[in-house]
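Shown next, in structure tokens, is the structure this report addresses.
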Amino acid sequence: MSLMPIFPKHRSCGACGADFIRVIKTQKYCSKKCRMKQANSKRLGETVSGLATGTVGALSELVVSADLLGKGYAVFRALSPSCPSDLVVLFGKELVTVEVRTAYRNQNNGQIGYPKNHRGADLFALYVRSEKSVHYAPISDKGENFCASL
């Protein structure tokens, strides 16, 4: 008796399109990386393909800057990628530091997902690309006061 599989061994990857040899009948992706990429794109919705992550972040910072400028605030953008925050906003006589995040709406539960680490910023500005919308989430009391004024 032969141990040859009864299913075709060659298949195209469902994420990247590369040809691969399946190990099990239900295998759809050539690697774990492709499987995870496909799972995240289904869960998170729109992904940005072909753009470097730094470019996507810079675009988000510019969109948030335009949103804040449109609300009448003076906005200052960091020149160095290693600054403790991305933007500084003049709020009355105070400066509010802003950490900008490219965020995604989770299609399963509707919540906005984003990395929550920061280096002492007062608030997160979240740009949801698929919705073309900006949301603000306070981190400190100063950020809380600023969000209340929006």
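The values are calculated or read from the model by the stated rules, or taken from the named source; none is laboratory data. Just so we're clear, the structure is a prediction, and the values are computed from it rather than from any experiment. Note: ideal-geometry Cβ built from the backbone for every residue, glycine included; neighbour counts use all protein chains shown.
Looking at the structure I just gave you, is ALA121 crowded, with 17+ Cβ neighbours inside 10 Å, small (Gly, Ala, Ser) and under 20 Å from ALA52 (Cα atoms)? Spelling it out, it is not the case that ALA121 is crowded, with 17+ Cβ neighbours inside 10 Å, small (Gly, Ala, Ser) and under 20 Å from ALA52 (Cα atoms). For the condition surrounded by fewer than 19 Cβ atoms within 10 Å (Cβ to Cβ) and touching a Lys or Arg at 6+ places or on another chain (Cβ under 8 Å), PRO115 qualifies.
If the requirement is being modelled with pLDDT of 90 or more and touching a Gly at 6+ places or on another chain (Cβ under 9 Å), which of these qualifies: VAL100, VAL88, VAL134, VAL63?
VAL100
Filtering segment 100-150 to residues that are of a type in the set (Phe, Trp, Tyr) and either touching a helix residue (DSSP H, G or I) at 6+ places or on another chain (Cβ under 9 Å) or assigned to a loop (DSSP other than H, G, I, E, B) (or both) leaves TYR104, TYR114, PHE124, TYR127, TYR136.
Flag: VAL89 does not match the condition of being outside any loop (DSSP other than H, G, I, E, B) and under 29 Å from ALA39 (Cβ atoms).
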